[in-house]
Each structure stands twice: as C-alpha cells, then as structure tokens.
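The values are calculated or read from the model by the stated rules, or taken from the named source; none is laboratory data. All figures in this text were calculated on a predicted structure; none of them were measured in a lab. Positions of Cβ are generated from backbone atoms using ideal geometry, with glycine treated the same way; all protein chains shown enter the neighbour counts.
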Amino acid sequence: MSSIIGPANFDFFGIFPASILAFILPVVGVGIFAYIMARRLAPLVRAAPDYRFDHIGRRIQKLFVIWLGQIKQPRYMLAGVLHIVIFAGFLILSIRSISLVIMGFSEGFVMPGFSGWVGVVYNFLKDYAATFVLIACIIAAVRRGFFKPARYAVPEKYGKDHTAEAIFVLGIIATLMISESLFEASELAYALKETGEAHFVAPLTLVWMFKHMLSGASFEFLQGLHIFSYFLHDVTFFFFLCFLPLGKHFHVITSLFNVFFMRLDKGKIKPVQHGVTAEQLDDLESFGVKKLEDFTWKHMLDFYSCADCGRCSDQCPANAVGRPLSPRFISIKARDLMFKNYPLSGEIYKSRLLVEDIYTEDEIWSCTTCGACEEECPLAIEYIDKMVDLRRGMVDEGMVPQSLQKPLKALEKRGNPYGKMEKKRADWALEKEFKAVHTIKHLAKDKADTLYFVDSITSYDDNIQEIARHTAVILQRAGVDFGILGKEEKDSGHEVLRFGEEMLYQDLKEQNTQAILATGVKQIVTADPHAYNALKNDYSGLPPVRHISQVVAEKITSGALSLKPCLEPDKVYVYHDPCYLGRHNRLYEDPRQALDAIDGLTRVELEKSRDRSFCCGGGGLMLFYEPEEDTRMGVLRVNMAAEAGANVIVTACPFCLVNIQDAIKVAGKEGEMEALDFTELIVRHLR
Amino acid sequence: MEILVCVKRVPDTAENEFELNSAGNDLDRDDLVYSVNEWDNYAVEEAIQIVDNAGGSVTVVTVGDDESEEVLRREMAMGANNGVLLSDEGFEGSDGKGIAAILKAEIEKGKYDLILTGAQADEGAGQVGGMLAAMLDYPYASLVNKIEVVDDAVIKVGREIEGGNQEMNEIQLPCVLSIQTGINEPRYVGIRGIRKVASVDIPVKGAGDLGLDAATVGDAGAKTRRVDYFVPDLGEGAEMLEGSTDEIIEKLIEKLKAKGGL
C-alpha cells in the first residue's frame, strides 16, 4: 500500500495531530445536531395526540414503496429522476461518510462486513453513486437557477424566493461528492507515483477522473490535498447535518418518520381528538385547531417534512383558479411559525389564533378536499385533515361565512341544505312520466334487500332528480330489489363533516344510521360519490355500500344488463373522475368498463385523469360557498376536455354534473360540448 | 355598557314553504320551522361586539311561549350573557303596543344603557322599537346600520339614506335603537354552542312578576286586530308560469322575446 499519511496519523506542522481535530469535529457536530433536534422536538411534545402506531406491517410496506421506492417521484419525470439519483446516492454514500469520519482518528478503519468482496463491490458502487449525485446536482442547479420551473416561484404574499437556499444545498452536496472523491483519488495517485502499482478504479467516475488529473502532481501536493479534502468533507458533512433541521432540507431526516407515520385510510377524516369518542365530544373545552399547538404531532412533523417541491400546489385546483389557497404554503407558513415560536435558543413564544396569524379564513374555506395535493406529495404530507381541523376551530369560534350559515342552519332544521320540506324528499319519484311506469318502495313500510340512498342534491334539485330516476330504472332493470328511506333520509353530512360542523354531522349520521339499520337491508347503493364516501368511510356499522357504476359494471359482466350500440357514434366521450369516487375510493375502472361496453362509443382520456383528476369545483356545501377566484375550476376542466378532443363529458357525480354543466355555459361552449351523468348514458343505452 | 336586546321567535322564511291554513286567516303553522328573527340576530351580534370592546353585558329578552326559550338559548350561544323569557297566558294576542308595554315593564326592573330591537320581524310592522322608546321616554333611532361608542353618555349611530348615502347622528344614552341587517356579519352558532348553554337557567317572568295590569296587555288590551290574511289575487297583466325550472325559464325567455325585451 501507499505511504501517504492518512488523517489519523498526520500531524499539522509536524506537531499537532490531525486525529484530535478529526475526533473533535464529530463530537461537536453531533452535539450541536442533538441540541437542535431537541429544540425542534419541543413543539411536537406539546402537540395534540395522534395514533400512528397501528398496522405496523402496512406502515413498513409504505416505507418500502414511498420512501425507499420513491414511487411518487417520477410523476414529475426530470425532477423525480434527479431526486431518485440523489436519494439513492445518499443512501449508498452514508456508509462511506460514516467510515470516513471514523477513519480520521482510527487509521485504516473499515466498516464491519466491508473488508472482503463486499467492500470491493461497495467501492465500485459508491464511486458511481458520487459521480451521478454530482451530475444530478449540476443539472438540478442549472434547472433551479436558469430555467426556474414555475412551480418553485414564491408569490409575493408568501415571502421571499427560496432558490438561494436550494442552490446553496446543492453546492454543499456537490462539495461532499468532490471532497470524498479527491480524498481517495489523491491517495491512489500517490500510490501510483510511488510504487507504480495501479489499483482498479471504476472508469469514468469522479475518482477515476481526479486520479488522472493528479497524475503529474508532487508528493507534497497530494499529501496536502489528501488531508485538506478529508477535513473539507468532514466539516461540510457536519455543517450539513446541523443545517438540515433549519429549513426545507429537514426532510432528509424526517421523511423516513413522516412516511412511516402517514395516514393509511383514504376517504376518512380524523376524529376531533384522538382518544375522544363521539359521545365524549360534548366534554371537550375547545374544538379543532385554533392555535399551533392544537395540531397533532404528526401534522407538525408534516410541516417539518415539506421539501417545498410545489407539486401539491401545482395539482391544487383551488390554486389553479386563483383562490387564496396554495397547499405548499399551508405547510411552509406553519413551519416558519414553528421555527419562529420555538427558536433554537431562548423563550418559546405564545401562539395566536392561526387564522389571524398566518392563515386567512378564505384560505381555509377554499379547499374542496379533492385530495390532489395528498395524492401527489412524495413525502405523504396530509392536508385534508388539517383543513377540517382548522374549519372545526373556525366553526367553534363562530367564524363561518354568511353564505354557508344558511345551508348549515337548513341542514340542522330540515336535514338538507336547501331548507326544503322533509316530506318532499321523495318527490323525484312523483314525476308524471316516471310515476306512470315505476313505483318506488318506501322502506319505512315496505321490505327490500337494497337501499338506494339518494342524498339531498339528487332528492331536491330539479335537474339532478333525473339521476335518481335513472338510477331507479337501472336498478329495476338489473333486477335489484330496492327501496328508499323517503323523509327518513337526511343529508349524508359528508360536507358538513368536512366543513367542520362536527356536532351537526354527528346528528345527521346518527339519524341516518338508525333509519338504515331499521330497514334491515343487506346492501346500500348510491349514485352520489359524496354519499358513497360518507356511508362507506365516515359512518360505521352499515351494510356494504356500492356506487351505481359498480352495480352496472357487475351486471353487464353477469349479463343481467345489456347495452345497445352507441346511439351517437359520431360523438367523442370522455370520463371525468369524481374525486370521491376516484382518488378517495380508487374506483377508476368500473365506470370506464361500463362505458366501453357500449359498442361503437368513442372514448378518449383526459390528460389529468384517474388519481390526477382535476376537481370540478366541489360538492355539497361548496356549492354555496362564494370564493374569491379568477375563474371556475369547472371551466378549466371543460377546456381540458375540449383539448382532449371530447364533446361529451360523462361524470358519475351529481355535483360534477352541476359544476360542469354550468362551466360549459360560462366557457361559452354550449352546443359544442355537453355534460352527461353516467346513469343517463347507461339508461339511454339499455336494451 | 349594559345592553338589552329584544328578540322574537319567527317562522324561518328560508326553510319554509308558506301555505295558508284551511280557515284562511293565518299560515298553516303545523309544518313550519322557527328561528330567531333575522334582524334581531344582527342586533345581538352588534351588542356582543360593543361589549367586547367597551365592557358590560348583553341580556336578551323575548315575549313568547315556552318554545321561545330556544331562540334565547341560540342568542346566548352566540355570546349574550343573560336571557329573560316573558311568558304569561295573559300576554297572548298582544298587539304591538301590548308587546312594547310588556318589554317596558321588564326594562324598568333593570338598568340598561342601550336597548336594541330588530328593525322589523315577521309581521313587517316595525312598530315595537318606536313605541317602546316613547313609553320609556328614551331617545330613539330606527334602521341603524352603524354604531360607534363615544363615551358612557353618548354614542353615534348611522343610517343609510335613499340612494346609498350615509348619515351619522349623536344620540344620548340610555336610548332605543332598531337595527338594520348588514350592520355586521353575525357569527355562526353551531349545535355545540347551543348545547353548551342548554342547562343555563333562564328566568321566566309573568304579568304578576312585572306588575302588569292584565287588562293593558294580551287580547284584552289589544286595540289592533288582524282580520284577514291572504295571498293577493292575480292582478291584470300578471301571469304565473308553471312547470319545471327549465320550462319556466324557457317560457320566460319566449315572452321577453315576444315583447321585445330581449
């Protein structure tokens, strides 16, 4: 081996042992890091409880898929690939970095298990890892600094641009890669020069290149470079470690925990407080999130974990239409507040009402709970539960816009947001032509296997009542023995829960649950995805719930329903995924399968479809809310459908139908485009 | 500042479809839902905001039956400190003057700096506030859409004038004001809020407690009486369009086109 002196045996100026410095650096570095982490943990200790220690097996699986597998990353291809390279590089090089630190005071240290062939393979791998990480850093820096993708921009109201921090960190990573490679290359060049002995070096790696560049250097230079690059690496490494918890790169540390503790159940809303049952709610002093410390510790961990990648806001429909909401800044503003209120030294500040301090009321009401942000986040950060918790807090303080107070009061008094009479809930079945042919069973007096849960909009809205009649026709033709609850049915409360009026939701849930269980039905069918999600995920103890599209798909397969060839084969159809059918319940294929069973029907796909579907504008109480916005979500959606070459937008949700029908008018595309409910298309084609 | 707000339980216009009863002299009240009179809700919100800034307490009072207690609780859930229910069989059938007389009796038992009423309630008469002020011999401002507290003795009140102009007046305390909607944005009262005040004691006072002569209130004292209640007959040139919303819109557009309106 070479006779270059490693840091463990080197003496500065011939007297001061470098090993002392190499020992002090990690001790100080780890000490400072531990102190910072302790301060960072302070708010989490004061936070609300959260149960995240269940389903360990599923959590480990998520860890493999989302954290280690980086499954979400390639959804944004270039940034995703760059991240995967840097992430994989970090994992590989972490072993090398730790051995390097120990090598500083223990000459010739080798990680246990890395002495034999494992070490050889590892060396080969880590040289490429370092090289690729450096290349990825350069591309990322050029991309961030010159091309500046729009999603990283920071609107003025949210503070200063974050580019400098991003490039600074890329510089740190690049320094680590270069110094590590120089450390090794200087040793190899020294050995080659002295003994003529050439060690195998993975070709085209940084080490390989540096070794060639250093072939003409003097022994003194190589020795100096060896020690210099060692300490450059050491100092940078510990600086980086302590810098991580100070900004968006905290995710390097927290991501592992954030993904492990992620929310496992889609479509559900967290309880008001973990460990407090519905019956005990009346005893709670306060409801929802009003101050920083009202968030759960996991939600605080979310704030720490945000990598500021902007994917959530890039997918957020509220952000797209210019509503005052950008999920990215829900996290960033809260993280900044945590840093400010829990400083690294000195006193902890008292927190104020969040909606007056860092958020605005409109910001929190702007969310349609479509879930696009959560679907996209590579770190599994949650937003819907936070929105609901913040709304619970606002409702408790009486901070509810006038536009929502009326429908909420109507829901309390009449069980529907329109304030219509309970006894008129089943009037949709009394339409002359329909009534002449069909009789609908009322489960209060008749018996049936299946309950058709209609919900408010389909029961009361003049246009949407068609969906109820179409659904009834489909069920009858498919031979399903069904009935309705009539005036015993109340609003499912899906949006009541999501708009933070917990106690009203509990009332509605209670009334519906009792009414449903009293009928003794074996299954529930609905054509409203919001009702579907409520009964399936929010309620408990009910018979199985199915959406009408599932029934149709099944009955087509079994032969109980058969469909005519397409009546309008010249038209181009596109299916719009309703959020609460698709993203929240993963029902993507059944409606498509049913559409494709219509012979000769031309169907195209929207670019944003399935789990990337774009919200139509929101359902339930969102129809009453008057947001500040530049355009409507529905209008953007109609334009997307037009770009996809479609002229019929088929959807499977009454709210989507309302929003898209309105949007077609607003977009001036009447006559060119039409919106159609899934049930109507099926009924038209029933044989 | 001690503030009293007079409120009333009324059929909720937003949540009801009104039909006449078979006798044809009143609404069919069997299937109605009730809530606090909308104007009164604004008055209570204004009172709470004044007390938040200037200190004091808010008391809500209503004349009605047992069921009227629900609106007092709702207003207390909003933030009113006390509630008083004025209830007596002898109060039934009171006209506006009778109601004002009952309220006056209660007001004289306390010491209030400011008395608020809604500008009007379900019957649209808008009379109680003015009569109450006259009976108490207090200054009165109607249709108030802005209140600024100057000091313990004087406040400024605003009123919107035809055409959107605004006037401000100084008025000496104690006084009576009738409050217009739009003066503020009343806070939301959730079910949770109402449950929190569900067990708070609300005193009930009858004619005897108030020292009222039964002959001056209720049916006995009423000098105005409703004799009829009806939906006006369609006049010349008026026509009801029938059908679904779409059909109605279509017919309307046709008619507008035919008459050159479009």
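Listed values, structure above:
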| item | result |
| --- | --- |
| Residues of segment A:390-426 satisfying the condition of being touching a strand residue (DSSP E or B) at 6+ places or on another chain (Cβ under 8 Å) and either touching a residue at least 60 places away in the same chain (Cβ under 8 Å) or hydrophobic (A, V, I, L, M, F, W, C) (or both) | A:ALA426 |
| Extreme residue, surrounded by the fewest Cβ atoms within 10 Å (Cβ to Cβ), among residues of segment B:70-81 that are within 14 Å of chain A (Cβ to nearest Cβ) and assigned to a helix (DSSP H, G or I) | B:GLU70 |
| Count of residues meeting criterion [in contact with a strand residue (DSSP E or B) (Cβ under 6 Å, 6 or more places away or on another chain) and either of a type in the set (Gly, Ala, Ser) or within 14 Å of chain A (Cβ to nearest Cβ) (or both)] in segment B:167-181 | 1 |
| Segment A:486-497: number of residues that are in contact with a Leu (Cβ under 6 Å, 6 or more places away or on another chain), within 14 Å of chain B (Cβ to nearest Cβ) and in a helix (DSSP H, G or I) | 1 |
| Hey, B:ARG73 more than 24 Å from A:ASP396 (Cα to Cα) and of a type in the set (Lys, Arg) or not | no |
| Matching residues, segment A:498-515, being surrounded by 23 or more Cβ atoms within 10 Å (Cβ to Cβ) and away from chain B (no Cβ under 14 Å) | A:ARG498, A:ASN512 |
| Lone qualifier among A:SER94, A:SER106 - being surrounded by fewer than 18 Cβ atoms within 10 Å (Cβ to Cβ) and either outside the structural domain of A:PHE240 (by TED's automatic domain parsing) or assigned to a helix (DSSP H, G or I) (or both) | A:SER94 |
| Candidate set from segment B:1-31 (those that are closer than 30 Å to B:GLY55 by Cβ and not aliphatic (A, V, I, L, M)); member that is nearest to the other protein chains (Cβ to nearest Cβ) | B:ARG9 |
| Residue in segment B:32-57 that is modelled with the highest pLDDT, counting only those that are assigned to a strand (DSSP E or B) and over 9 Å from B:GLU75 (Cβ atoms) | B:SER57 |
| Only listed residue being facing chain B (nearest Cβ under 9 Å) and buried (at least 20 other Cβ atoms within 10 Å of the Cβ), chosen from A:VAL388, A:VAL400 | A:VAL400 |
| Contacts under 6 angstrom Cβ, first residue in segment B:142-153 being over 16 Å from B:ASN165 (Cβ atoms), partner at pLDDT 95 or above and of a type in the set (S, T, N, Q), 6 or more apart | B:SER142/B:SER178 |
| Filtered residues of segment A:326-345 (kept if touching a Pro at 6+ places or on another chain (Cβ under 9 Å) and under 27 Å from A:CYS579 (Cα atoms)) | A:SER326, A:PHE329 |
| Residue identified as outside any helix (DSSP H, G or I) and within 19 Å of B:GLY130 (Cβ to Cβ) among B:VAL84, B:VAL61 | B:VAL61 |
| Leading residue by the ranking (surrounded by the fewest Cβ atoms within 10 Å (Cβ to Cβ)) among those in segment A:458-475 that are hydrophobic (A, V, I, L, M, F, W, C) and more than 14 Å from every other protein chain (Cβ to nearest Cβ) | A:VAL473 |
| Scan of segment A:408-439 for residues that are more than 9 Å from chain B (Cβ to nearest Cβ), part of a helix (DSSP H, G or I) and closer than 24 Å to A:LEU497 by Cβ, ordered by number | A:LEU411 |
| Yes/no for A:GLY89 being modelled with pLDDT of 95 or more, in contact with a helix residue (DSSP H, G or I) (Cβ under 8 Å, 6 or more places away or on another chain) and either surrounded by fewer than 16 Cβ atoms within 10 Å (Cβ to Cβ) or under 17 Å from A:ALA174 (Cα atoms) (or both) | yes |
| Identity of the residue in segment A:268-296, among the hydrophobic types (A, V, I, L, M, F, W, C) and in a loop (DSSP other than H, G, I, E, B), that ends up nearest to the other protein chains (Cβ to nearest Cβ) | A:PHE287 |
| Selected residue (criterion: nearest to the other protein chains (Cβ to nearest Cβ)) from residues of segment A:443-457 that are over 26 Å from A:PRO407 (Cβ atoms) and of a type outside the set (Gly, Ala, Ser) | A:LYS445 |
| The lone exception for A:ASP265 - which of (1) outside any helix (DSSP H, G or I); (2) within 14 Å of chain B (Cβ to nearest Cβ) it fails | (2) |
| Condition met for B:GLU106 (touching a strand residue (DSSP E or B) at 6+ places or on another chain (Cβ under 8 Å) and either part of a loop (DSSP other than H, G, I, E, B) or free of Cβ contacts under 8 Å to residues at least 24 places away in the same chain (or both)) | no |
| Residue, farthest from the chain's Cα centre (by Cα), within segment A:310-343, restricted to residues that are under 18 Å from A:ALA47 (Cα atoms) and in a loop (DSSP other than H, G, I, E, B) | A:PRO343 |
| Among (1) buried (at least 19 other Cβ atoms within 10 Å of the Cβ); (2) free of Cβ contacts under 8 Å to residues at least 40 places away in the same chain; (3) of a type outside the set (Phe, Trp, Tyr) - the single one A:ASN659 does not satisfy | (2) |
| Any chance A:ILE84 is surrounded by fewer than 17 Cβ atoms within 10 Å (Cβ to Cβ), under 20 Å from the mean Cα position of the chain (by Cα) and outside any helix (DSSP H, G or I) | no |
| Residues of segment A:588-626 classified as surrounded by fewer than 22 Cβ atoms within 10 Å (Cβ to Cβ) and either on the phi > 0 side of the Ramachandran plot or in a loop (DSSP other than H, G, I, E, B) (or both), total | 15 |
| Test result for A:PHE482, away from chain B (no Cβ under 14 Å), in contact with a helix residue (DSSP H, G or I) (Cβ under 8 Å, 6 or more places away or on another chain), crowded, with 16+ Cβ neighbours inside 10 Å and within 30 Å of A:GLU412 (Cα to Cα) | yes |
| Every pair of residues 6+ apart whose Cβ atoms lie under 9 Å, when the first sits in segment A:24-53 and is modelled with pLDDT under 95 while the second is surrounded by fewer than 12 Cβ atoms within 10 Å (Cβ to Cβ) and not aliphatic (A, V, I, L, M) | A:TYR51/A:GLY275 |
| Any hit, segment B:188-204, residues being hydroxyl-bearing (Ser, Thr, Tyr), in contact (Cβ under 8 Å) with a residue 12 or more places away in the chain and within 14 Å of chain A (Cβ to nearest Cβ) | no |
| Some residue of segment B:56-69 being within 14 Å of chain A (Cβ to nearest Cβ), in contact (Cβ under 8 Å) with a residue 24 or more places away in the chain and buried (at least 17 other Cβ atoms within 10 Å of the Cβ) | no |
